[in-house]
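S.K.: Let me give you the structure first, and then I'll get to my questions.
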Amino acid sequence: MYRPQISISRLLTPLGLAGLLAATAARAYDDGDWQLWLRLAASGNLVGKTNIQLEEETRMGDDMDEYAEQHLLGLLYYPLTDWLKVGGGTRTVFARTNRDIYTAKSSGGETTYTPVPDGDHYWRQEDRPTIDVTFAKTLAGWLIEDRNWLEYRMKEGEDDYFRYRNRLQVKAPWKWTRYAINPVVSVEPHYSDKDESPDWDRVWYTGGVDAKITKLINAGVYYRLQSDKLADGSHRDYNILGLMMSLKF
């Protein structure tokens, strides 16, 4: 993982280490920012009824001009019935995180540190063991899914906590053109069980289309509005354009 360069003497002093941690902050974009999320996925039968799902997602922020996050996901699924499947796995996230950079100057036996005006960043790792329980039913051709995610978020430099995500998704029965294009809509609220401020702090509103490119390859495009609830009760919204492609084997 890339780490910006900093004086060894600063790292070895307790006061310097505390200052370094205090200067670290997750990258947050302006209200109304446009982002691009690109996802590649592969899924298929592993053994018996057990299925495997692998995903990689790249996220671009700051009006799609800055590499913001990289997500790697691996899950195993098992269908208990034709309308219920359970799964488990883990997601690893590398998130762009701001960090102040200092230059050191020694004079008269004392060392002083001066911040570099533009600072820099590093990639903070987060691990998320995940449990997934999904209910699915087709009614009059409409596919309705209720997906329940429970994640344990382990971020560098922060306390661990659970997050629950509930996605209600509806896929239309219509199939347009030879690519079988289907409209899809969903809503997905997030509940973060943080010690200092447990709350429903994020909602995704998503609409898009899925298409079948070949017998084994699916693709999709969607728009997502992400609405985050901030500590002061206000909200910050992101506009997300998503592109995805998946392989079934």
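The values are calculated or read from the model by the stated rules, or taken from the named source; none is laboratory data. Keep in mind that what you see is a predicted model, and the values were worked out from it rather than measured. Glycine also receives a Cβ, built like all others from the backbone with ideal geometry; neighbour counts cover every protein chain displayed.
S.K.: Show the residue pairs that are 6+ apart or on different chains and have beta-carbon atoms under 6 Å apart, the first residue being within region 34-50 and over 13 Å from Y77 (Cα atoms), the second being of a type in the set (S, T, Y) and in a strand (DSSP E or B).
M.R.: Q35/Y238; L38/T58; A41/S246
S.K.: Counting just the residues of region 36-92 that are in a strand (DSSP E or B) and of a type in the set (K, R), which one comes out surrounded by the most Cβ atoms within 10 Å (Cβ to Cβ)? First the steps, then the outcome.
M.R.: Going through region 36-92, the residues in a strand (DSSP E or B) turn out to be 36-47, 50-61, 66-79, 84-92.
Checking which are of a type in the set (K, R) leaves us with 39, 59, 85, 91.
Details: R39: 17, R59: 21, K85: 18, R91: 19.
The qualifying residue surrounded by the most Cβ atoms within 10 Å (Cβ to Cβ) is R59.
S.K.: On the given criteria, is D146 in a strand (DSSP E or B), closer than 28 Å to G32 by Cα, of a type in the set (D, E) and at pLDDT 95 or above?
M.R.: Working: in a strand (DSSP E or B): yes; closer than 28 Å to G32 by Cα: no; of a type in the set (D, E): yes; at pLDDT 95 or above: yes.
Criteria not met by D146.
S.K.: Return yes when I52 is among the hydrophobic types (A, V, I, L, M, F, W, C), out of contact with any Pro (no Cβ under 7 Å at 6 or more places or on another chain) and modelled with pLDDT under 60 and no when it is not. Talk me through it step by step, then tell me what you get.
M.R.: Numbers: among the hydrophobic types (A, V, I, L, M, F, W, C): yes; out of contact with any Pro (no Cβ under 7 Å at 6 or more places or on another chain): yes; modelled with pLDDT under 60: no.
Here the answer is no, as I52 does not meet what is asked.
S.K.: I would also like to ask the following. Give me the residue from region 55-112 that is more than 18 Å from A42 (Cβ to Cβ) and of a type in the set (S, T, N, Q) and, out of that set, modelled with the highest pLDDT.
M.R.: Only one residue fits best here, namely T81.
S.K.: May I pose another question? Of the residues S227, S186, which single one is more than 19 Å from L75 (Cβ to Cβ), in a strand (DSSP E or B) and at pLDDT 95 or above? It would help to see each step written out before you state the result.
M.R.: On the way: S186 fails: more than 19 Å from L75 (Cβ to Cβ).
Just one listed residue meets the conditions, S227.
S.K.: Regarding K137, is this residue exposed (fewer than 14 other Cβ atoms within 10 Å of the Cβ), of a type in the set (D, E, K, R), in contact (Cβ under 8 Å) with a residue 12 or more places away in the chain and within 21 Å of K85 (Cα to Cα)?
M.R.: Numbers: exposed (fewer than 14 other Cβ atoms within 10 Å of the Cβ): yes; of a type in the set (D, E, K, R): yes; in contact (Cβ under 8 Å) with a residue 12 or more places away in the chain: yes; within 21 Å of K85 (Cα to Cα): yes.
Yes; evaluated as a whole, the condition is true for this residue.
S.K.: For R163, only one of the following conditions fails: (1) assigned to a strand (DSSP E or B); (2) touching a Phe, Trp or Tyr at 6+ places or on another chain (Cβ under 8 Å); (3) over 29 Å from D201 (Cα atoms); (4) not hydrophobic (A, V, I, L, M, F, W, C). What is its number?
M.R.: Failed condition: (3).
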